[in-house]
Structure formats: structure tokens, C-alpha cells
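Beneath this line is the structure, given in C-alpha cells, with notes to follow.
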Amino acid sequence: MKKLNFAIILIGLTSLLLKSNATPVINGSKTNLIDSAKKATVDPVCKMKVRAQTAKTTVYNKIIYTFCSESCKQKFIAEPARYIKK
């Protein structure tokens, strides 16, 4: 029984060591994107509600914008300042 307890403690300590020394697989970039799809699912061009899984997306000024269709996305890309709230 003592050997089993010792083995469990040893495994636990080993896993803690591995987690603390692990390097992330993907190094986070210095620019953090704000995922606007999680905050509001409204197309900035036509103001239509958009489902995140079916949305078209683009990034502008480190913010991800979601769109109901490719045409709304293209309108936004052409004139993003027109559709962004200030």
C-alpha cells in the first residue's frame, strides 16, 4: 500500500513538473485579436444577426468582424470606416 501511495504521489509531482516546464505549442503573437463574434453577432453593414458558424469574417484594426454574406463583407472591406462605431 505504501508503494502505491508513493507511486501516485510521484506521478502527480511528475505531471506538475511537466506542466510547469512545458512550452506552448503555438507562441502567442504580440497582437491580440478581439473576437467580436463572441461579443455581438450583428453584421456591421446591414445590422442583421449572424450565426458565428455561418458567418463570413475579416480582421480590421485587430478586431474580427462577422458578416451575413460575402457582399456585406466586400462592402466593409471597401469602406471600413463607414461601418465602424466610434
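Taken together, the values in this text are just the output of simple stated rules run on the coordinates, not laboratory data. If you're wondering where the values come from, they're calculated on a predicted model, not measured in any experiment. All Cβ positions, even for glycine, are placed from backbone atoms using ideal geometry, and neighbour counts span all protein chains on display.
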Next on the checklist: Under 5 Å between amide hydrogens, which residues at least 5 positions from residue 60 or on another chain qualify, with H placed 1.01 Å from N in the peptide plane?
Outcome noted: 65
Checklist entry - Where does the charge balance sit around residue 69 when Lys and Arg score +1, Asp and Glu -1, over other residues with C-beta under 15 Å from its C-beta? => result +4
Checklist outcome for this item: Subtracting the Cα-Cα distance of residue 46 and residue 85 from 0.36 nm times their residue separation yields 12.7 nm
